[in-house]
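Heads up: the structure comes next, in structure tokens.
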Amino acid sequence: FLGQSEAPHTRSRFNLKRAIMDFGPTGFPFEKFIAAVMTENGYSTQTDVIMKGRCVSHEVDVIALKDNEQTVVECKFHNRPGIRTGIKTALYVFARYLDLTEYQAKDFGPKNIKTIWLVTNTKCTSEAIAYANCREFSIISWGYPEKGNLQNLIEDKKLYPITCLESLSHHHKQILMSQNVILCKNLLDNPKMVDWLQLSGKDRENLTNELKAL
């Protein structure tokens with residue numbers, strides 16, 4: 001357990017799950033966050049893409065391209081703890097994948113959709129995981145799989161969301177997210193972005209120190 005004397009950057013790491021839930025009531029910032037994490041892992045990404053399926057068009061959360069192969073990413077965001085992503089979501093995700101790939105099979109679209117991922121910031125039910133394993137698509141959630149889960153993807157390359165920063169107010173974080181600044185490393189790599197916040201000298205120093213520590 002962390003005592004009151006712990007440095008803010010230490011608490012930030014332990015508050016990662018809460019920080020992701022702090023993206024807000026909608027899933028949009030979470031989609032941007034997942035796209036940013038995938039970009040840092042060598043993918044080129046797009047968010048909110050309309051793609052044609054055999055039966056209907058679909059608004060896809062994230063399209064990730066690597067080695068000329070597309071991954072369709074469905075993001076399921078929860079802003080309250082204790083909610084699990086269940087079988088209905090897994091069924092929906094695979095049905096979307098089938099509709100998109102059947103459109104490709106008719107020679108209407110480029111044949112480079114290779115897989116679909118369900119990415120969620122909470123846990124999945126055992127039923128959803130069993131279905132995904134049977135249908136051979138990937139689930140990335142809180143603690144699953146054992147390697148390559150959401151925490152691993154974030155912590156391995158220190159891709160912490162700006163919502164984990166204790167030196168910024170909620171208002172300042174909203175300003176940054178409105179400008180598509182999602183990762184702490186974005187601020188560290190581009191100090192001019194901090195200018196948007198109009199921080200005092202001391203507050204800016206505190207922010208810089210926390211960013212460097214993370």
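The values are calculated or read from the model by the stated rules, or taken from the named source; none is laboratory data. Keep in mind it's a predicted model, so treat the numbers as computed, not measured. Ideal geometry is used to build each Cβ from the backbone, glycine not excepted, and the neighbour counts take in all protein chains shown. Keep in mind that these areas ignore ligands, DNA and RNA; they rest on the heavy atoms of the full protein, side chains included. Shrake-Rupley method; radii C 1.70, N 1.55, O 1.52, S 1.80 Å.
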Item checked: Of all residues in segment 186-214 being charged (D, E, K, R) and open to solvent by 60 Å² or more (accessible area, probe 1.4 Å), the one that is farthest from S169 (Cα to Cα) -> D189
Next item on the list: For residues that are open to solvent by 50 Å² or more (accessible area, probe 1.4 Å) and closer than 19 Å to A132 by Cα, tally how many sit in segment 68-82.
Entry: 1
Note to self: Checking the structure you have, find out if any residue of segment 56-67 is in contact (Cβ under 8 Å) with a residue 12 or more places away in the chain and loosely packed, with under 13 Cβ neighbours inside 10 Å.
What the structure shows: yes
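Residues are listed down the side, and each one gets a yes or a no for (1) at pLDDT below 90; (2) over 25 Å from H170 (Cβ atoms); (3) open to solvent by 40 Å² or more (accessible area, probe 1.4 Å):
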| position | (1), (2), (3) |
| --- | --- |
| E6 | yes, no, yes |
| G27 | yes, no, no |
| F33 | no, no, no |
| T39 | no, yes, yes |
| T47 | no, no, no |
Next item on the list: Would you mention how many residues in segment 174-185 are out of contact with any Phe, Trp or Tyr (no Cβ under 8 Å at 6 or more places or on another chain) and open to solvent by less than 50 Å² (accessible area, probe 1.4 Å)?
Entry: 1
Next item on the list: Filter segment 133-144 for residues that are under 19 Å from the mean Cα position of the chain (by Cα) and either surrounded by 14 or more Cβ atoms within 10 Å (Cβ to Cβ) or under 14 Å from C75 (Cα atoms) (or both) and give the result.
Entry: F137, S138, I139, I140, S141, W142, Y144
Note to self: Out of the helices (runs of 4 or more DSSP H) lying entirely within segment 127-210, which hold 3 or more residues that are closer than 20 Å to P81 by Cβ?
What the structure shows: 150-155
Item checked: Test set (1) at pLDDT below 95; (2) in contact with a Ser or Thr (Cβ under 8 Å, 6 or more places away or on another chain); (3) surrounded by 18 or more Cβ atoms within 10 Å (Cβ to Cβ) - T85 fails condition number -> (1)
